[in-house]
Each structure stands twice: as structure tokens, then as C-alpha cells.
1. Normalise the Cα radius of gyration of segment 111-175 by 2.2 N^0.38 Å (N = residues in it) and let me know the number.
2. Calculate, axis by axis, the spread of Cα positions in the chain along the three principal axes, and write the results as whole Å, longest axis first.
3. Taking amide H positions as placed 1.01 Å from N in the peptide plane, with prolines and chain starts having none, which residues 5 or more places from ARG169, or on another chain, fall under 5 Å of its amide H?
4. How about LYS170: which lysines have a C-alpha closer than 29 Å to its C-alpha, ignoring those fewer than 8 places off in the same chain?
5. Which residues' amide hydrogens lie under 5 Å from the amide hydrogen of PHE63, considering only partners 5 or more residues apart or on another chain, with H built in the peptide plane?
6. Can you spot the aspartates and glutamates whose alpha carbon is less than 20 Å from LYS176's alpha carbon? Ignore those fewer than 8 places along the same chain.
7. With the dipole of segment 20-176 worked out from charges on the C-beta (+1 for Lys and Arg, -1 for Asp and Glu) around the Cα centre, which of LEU88, VAL171, TYR109 lies farthest toward the positive end?
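Taken together, the values in this text are just the output of simple stated rules run on the coordinates, not laboratory data. Only a predicted model underlies this, so the values are computations on that prediction, with no experimental measurement involved. Note that each Cβ is placed from the backbone with ideal geometry, even for glycine, and that neighbours are counted across all protein chains shown.
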Amino acid sequence: MGGEPARVRVEPLEPITKGGDTIAEVAKSVLEALLTKMGVEASVELQVQPVGGEGEATAPTAFDIEGDDLGILIGRRGQTLACLQFILRLIVGHQTNTWVPINIDVEGYKQRRCERLQALAARLAEQVKVKRVPFTLEPMLAYERRIIHLALADHPEVTTESIGEGETRKVVIRPK
């Protein structure tokens with residue numbers, strides 16, 4: 001800051017634990033119990049994710065659920081999956097008295113959806129650029145809207161904004 005040399009001290013973070021178990025182990029056991037109570041036969045695998053943006057102390061704990069016929073866990077446009085993820089965060093947060101970001105994916109659904117949304121954003125940006133008319137997408141979950149916004153953040157000829165409230169919130173792609 002101000003052109004003077006700075007000294008930075010970095011210390012590795014200790015995994016948060018509850019009774020000897022890490023948060024990831026607690027979350028995995030809770031998720032497996034939820035799936036069992038739902039009557040869903042599936043395996044839960046812990047995914048290693050890189051640390052996110054600046055200022056984020058811990059990387060999200062991520063799980064991938066694998067098994068046969070798991071569409072019931074995804075639900076319409078991923079809403080059931082989002083609700084399951086929210087419930088898991090609440091239970092783990094209550095048990096450990098801490099908030100840890102937890103992400104759940106079912107057989108790579110979120111990754112495939114992300115790739116499709118990025119491709120959609122690029123196609124629609126080209127349409128908006130050519131026609132010079134704004135385009136409003138269908139209502140989306142918050143993480144899906146974020147994918148659209150990030151995909152077009154550096155686009156030189158279009159801009160994005162979210163409009164609406166709650167479940168009817170959508171992204172509008174406008175010419176700059």
C-alpha cells in the first residue's frame with residue numbers, strides 16, 4: 001500500500017472439526033442419511049475443489065452423488081437439488097455451529113448445465129448484438145443467473161442485469 005514494501009504472514013487453515021470429524025465427514029454422513037431416508041440408493045463422493053475468489057477463507061465442500069435413475073434428486077430445472085443442498089447446509093450448520101459452503105451435484109448435472117448456459121449466453125449475446133433488441137431469459141435459480149452474468153461480463157457489446165423478485169427473477173441481456 002502506498003509504495004512501501006509489505007510483509008504478509010500466511011498460516012494454513014485448520015479443518016473445522018466436530019468431535020474429531022471434519023465438516024466434510026459430518027456433511028457426508030448427513031447427506032447419506034438423508035438419501036437413505038428418501039429411499040434413494042446412491043453413493044456420495046467428496047469432490048476436491050479449488051479455493052474460490054479473493055477473501056474466501058475456505059473452498060466449498062462439494063459432493064457428487066452417483067447411482068441409477070437419480071433424476072428425482074435433480075427435479076425440475078434443478079430445484080430439488082437446490083433444496084437438498086440448502087437443507088444439508090442447514091443441518092450441518094446446526095450440528096457444527098458454523099457456516100460452511102456446501103455444494104451438491106448429481107452425476108455431473110451442474111457441470112453440464114453450466115456448459116449449456118454459457119453456450120446459450122454466447123448465442124443470445126450474438127442475437128442481441130445483431131438485432132440491437134434486449135432478450136429476457138426464463139426465470140432461473142441464483143447460481144444459474146450468476147453463470148449467465150459471468151459468461152457475458154467481459155462482452156464488449158452487451159450487458160446483463162437481473163430483474164424480478166424471488167422465483168420469477170430472470171436475466172435480461174441488453175445491447176450496450
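1. 1.02
2. Extents along the principal axes, in whole Å: 59, 58, 26.
3. So ARG169 has HN proximity to MET140.
4. Straight-distance partners of LYS170: LYS110, LYS129, LYS131.
5. Under 5 Å from the amide H of PHE63 lie the amide H atoms of GLN47, ASN103, ILE104, ASP105, each far enough along the sequence or on another chain.
6. Leaving aside aspartates and glutamates fewer than 8 places away in the same chain, those within reach of LYS176 are GLU126, ASP154, GLU157, GLU161.
7. VAL171
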